[in-house]
1. Test of understanding: what is the full-extension gain from ALA460 to VAL234, defined as 0.36 nm times their sequence separation minus their Cα-Cα distance?
2. Please arrange GLU374, GLU239 by counting, for each residue, the other beta carbons lying within 10 Å of its beta carbon, fewest first.
3. List ARG179, ARG500 from most exposed to least, where exposure is judged by having the fewest other Cβ atoms within 10 Å.
4. For segment 429-477 and segment 106-177, what is the separation of their C-alpha centers, rounded to whole Å?
5. Given R₀ = 22 Å, what would the calculated FRET efficiency be for PHE251 paired with ASN562, taking r from the Cβ atoms and rounding to 0.05?
6. Given the Cα-Cα distance of LEU372 and TYR419 and 0.36 nm per residue of separation, how much length would full extension add, in nm?
7. Which log10 I(q)/I(0) values, to two decimals, does segment 422-493 give at q = 0.22, 0.23, 0.25 Å⁻¹ under the Debye formula with one point per Cα?
8. As a footprinting exposure proxy, order LYS402, LYS249, LYS145 by other Cβ within 10 Å, with the fewest listed first.
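The numbers here are math on the coordinates, done by the rules we state, and not lab data. Computed from a predicted model, the values in this text were never measured in an experiment. Cβ coordinates were reconstructed from backbone atoms using ideal geometry, including for glycine residues, and neighbour counts include every protein chain displayed.
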Amino acid sequence: MPPIKIRERGRAKKGTMKRLVKKLFKEFPVHLIVSAICIVFNVAANLCSSIFSGLIAGVLTRGIIENNGPYNPMTFDKYYTATVFGGSFKVTTNIPILLIIMGSIYFVGIFAAWGWNRTMAIVTQKFMNKFRKDMFLHMQDLPIKYFDTHPRGSVMSLYTNDIDTVRQFISQSLPEFLRASLSILFALIMMLINSVWMTLIVLLGSVFMVLSTKIIGGKASKYFIKQQMQTGIVEGNVEESMKGLKVIKVFNHEDESIEQFEGLNNTLKDYATAANIHGNITGPINGNIGNFIYVLTAFIACLILTLPGFQNLTIIKGLVAINSENKEAFYSMIVSFLMMTRMFSNNITVFSQQVTFIVLGMAGASRCFDLLDEVVEEDDGYVTLVHIKKDEDGTIHETDEKTRLYAWKHPHGDGTLTYTELKGDIVLDHVDFGYVQDKLVLHDISIYARPGQQIALVGATGAGKTTITNLINRFYPLADGKVRYDGININKIKKADLRRSLGIVLQDVNLFTGTVMENIRYGRLDATDEEVYEAAKIANAYDFIMRLPEGFNTMLTGDGANLSQGQRQLISIARAAVADAPVMILDEATSSIDTRTEKLVQDGMTQLMKGRTVFVIAHRLSTIQNSNAIMVLDQGRIIERGDHDSLIADKGTYYQLYTGAFELE
């Protein structure tokens, strides 16, 4: 087997954010534009509310000046002129009207916030649904080699931890990032229009906020990534412990298992604690820096008001020209400026808090894109498997009817078609193979399996027996040599059609959540109920299935945990029987079955193997004595071949394995 690769969840690849956002816009352009417009309206509403707060302050100031004290805003029906962005506007001094306008602006802001939150919620769920589907569909087309080199836990984490960080980024970080950026930009522009010098004071204080974000936020991102990595390790340990719980109890390994889990869990706790400490203190630190900036700005404004000769002050340029006659304009400007200062600093804090989640989201998206970037299984075959009818003289005709007779449809370069009847003639001709380049595991393998013959592969673990059957399925490309099926190079046969003509029973049985009927029908989805019953009878599984609570409709869960190992294997054999393939591969098919059950299965297998080419991998040599040919492998080479009697007479490796097996029995 090829070496397993474990890639850490490190930094995202360059361009990941651009690729993700581009994919988002491709799928939901209208939704995202609507969300962006709503965010702009929300930011604009917040800015307008700041301006109106300043105008109300100006009105109150003028009212107090003209009335030499408090006044009734309901009866004070006048206007004063304010200069906003270089233009003169008449502003009513009726505060209730201003408050109604201000409330309307807040309502627009609230409606806009509701709009982009609702829209992004819809976008997020639809996008994640499609993203998971794209990943899963792409994964189905990946070669077996990918799964040989990537741990199962690592692949599973793509659909849990990594995909969740992408969801967090889309639903929260992306819109908050945009809203905070626009708020900072717009607030900065407004502050510069009001007063350049006071804006410089705010920017000077903001430098400390940026530095704290870079230093503390950077550490938080590092620990959050480590936390994500360690979470996957802990989940893998829990899965392993649950799967091997019986072994743990049998060998009294509970204390060691707990100790191992506690070590991993404590590491997770340390990373999570450090991540959350750094992540949680960034906001309060920046918030307090923002408060200090706010107080400092207000203090300087009050200091300016108390300066002698205020009427000659020209350093501050505000909403209106400042002089002794319109002193209230300064109050209007400073109230707006302070609110914009608060908006500016608060959004820097929001921005800093989203940095960590953006980093995590991009790291998760990068790993998901790595899966989508994996090269799918290549299939340049053009020979297909079709249903046929045969005339009395043996002439083959292609048909759409499901005749259960098949032929290879072989198109040629000159435009002609030939049909080769599917018989199950398998030839491996001087095959070399290696999982990795320049490291062969099979050397010069030649095997000839004629239709109806049983070929047995024996040898020590790692000798290459299963690898040979994998090559027949085209799970891996050959390094050299050829494999022919009914005289056709299997590289010319479409993989789906090739595998449809092969039945396989593995040592490790995989049952799926569903009924017994559905699990057997997995071998051929169009099989009728009667064909499923017949396949169960062939595998001698019918009787025990009928004794189940609901017979063939009994629900199986947890990989058939409610069945014995032997019963699970019988269902697997029935699944291969219903496929009715001309070539059968049995990889330790009876290894999990007791001697009595094995006799029943062997009787069924004898019927199943009639007229079929069968490759049998077995360590229990008593099950292969009737094989037409036995291949003895050692370190990827065939060192002996022949039938049982001839190999016993040679007294070589097979003789030693066979007699040694009986001595053990």
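1. Computed gain between ALA460 and VAL234 is 77.9 nm.
2. Starting with the residue having the fewest Cβ neighbours, the order is GLU239, GLU374.
3. Numbers: ARG179 24, ARG500 15.
By the 10 Å Cβ count, ascending: ARG500, ARG179.
4. 41
5. Given R0 = 22 Å and the Cβ-Cβ separation, E is 0.30.
6. 13.2 nm
7. Evaluating at q = 0.22, 0.23, 0.25 Å⁻¹ gives log10 I(q)/I(0) of -1.01, -1.09, -1.26.
8. Lowest count first: LYS402, LYS249, LYS145.
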